[in-house]
1. Are there trypsin sites (Lys or Arg not before Pro) in the stretch 2-89 that DSSP puts in a loop and that have at most 10 other Cβ atoms within 10 Å, and which ones?
2. Just to confirm a number: summing +1 for Lys and Arg and -1 for Asp and Glu over residues other than Thr83 whose beta-carbon lies under 11 angstrom from that of Thr83, what do you get?
3. So for Tyr75, Tyr87, Tyr68, fewest C-beta neighbours within 10 Å to most, what's the order?
4. Would you mind checking Lys8/Lys76; Lys18/Lys51; Lys61/Lys89 for any pair whose Cα atoms are more than 23 angstrom apart?
5. Loop only by DSSP, 14 or fewer other Cβ within 10 Å of the Cβ. Give me the GluC sites (Glu not before Pro) in the chain that pass, ordered by residue number.
6. How far is helix 36-46 tilted off the main Cα axis of the chain, in degrees rounded to 10, range 0 to 90?
7. If you take the beta carbon distance between Ser72 and Lys4 as r and set R0 to 35 Å, what does 1/(1 + (r/R0)^6) give as a FRET efficiency, to the nearest 0.05?
8. Please check which bits of the stretch 64-90 a label hung off Lys41 would reach, taking the label as a point 7 Å along Cα-to-C-beta and the cut-off as backbone N under 20 Å.
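Here, each number is a calculation from the coordinates, and none is a lab measurement. Only a predicted model underlies this, so the values are computations on that prediction, with no experimental measurement involved. Cβ atoms come from the backbone with ideal geometry, glycine included; neighbour counts cover every protein chain shown.
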Amino acid sequence: MEKKNQQKIEFILGDFLKIDFSDADVVFANSTCFSQQMIDKLETSFFSLKKGARIITLTKKLTNKNFYLFDSLIYKQSWGEATVNFYLKQ
């Protein structure tokens, strides 16, 4: 029996700067300890995402207006609390 609404979920562990994730619907970056230089490079790679893609970052914020911050919440982590930022690619 084939189910309707089946979706493919793929988790990729690797270097953001070496992986083509332009077809992703959701991208998560555990970016709390990233330098500003790394955030800038990551943000540049997010330009390849399709319109409507979701981006989730921890602690660090994106600065480009192509990424709409639609929510920012504080969640407990193993090391304490972190701000989780939710973006929509415009």
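1. Values: sites: Lys3, Lys4, Lys8, Lys18, Lys41, Lys50, Lys51, Arg54, Lys60, Lys61, Lys65, Lys76, Lys89; in loops: Lys3, Lys4, Lys8, Lys50, Lys51, Lys60, Lys61, Lys65.
Passing sites in the stretch 2-89 are Lys3, Lys4, Lys8, Lys50, Lys51, Lys65.
2. On the way: positive: Lys60, Lys61; negative: Asp71, Glu81.
My count for the surroundings of Thr83 gives 0.
3. On the way: Tyr75 9, Tyr87 23, Tyr68 12.
Final ranking by Cβ density, sparse to dense: Tyr75, Tyr68, Tyr87.
4. Working: Lys8/Lys76 28 Å; Lys18/Lys51 21 Å; Lys61/Lys89 14 Å.
Cα-Cα > 23 Å for Lys8/Lys76; rest within.
5. Working: sites: Glu2, Glu10, Glu43, Glu81; in loops: Glu2, Glu10.
Those satisfying the criteria are Glu2, Glu10.
6. Taking Cα atoms only, the helix is inclined about 20 degrees.
7. Numbers: r = 34 Å, r/R0 = 0.98.
With a Förster radius of 35 Å, E is 0.55.
8. In the stretch 64-90, the label zone of Lys41 (backbone N under 20 Å from the point 7 Å along Cα→Cβ) covers 64.
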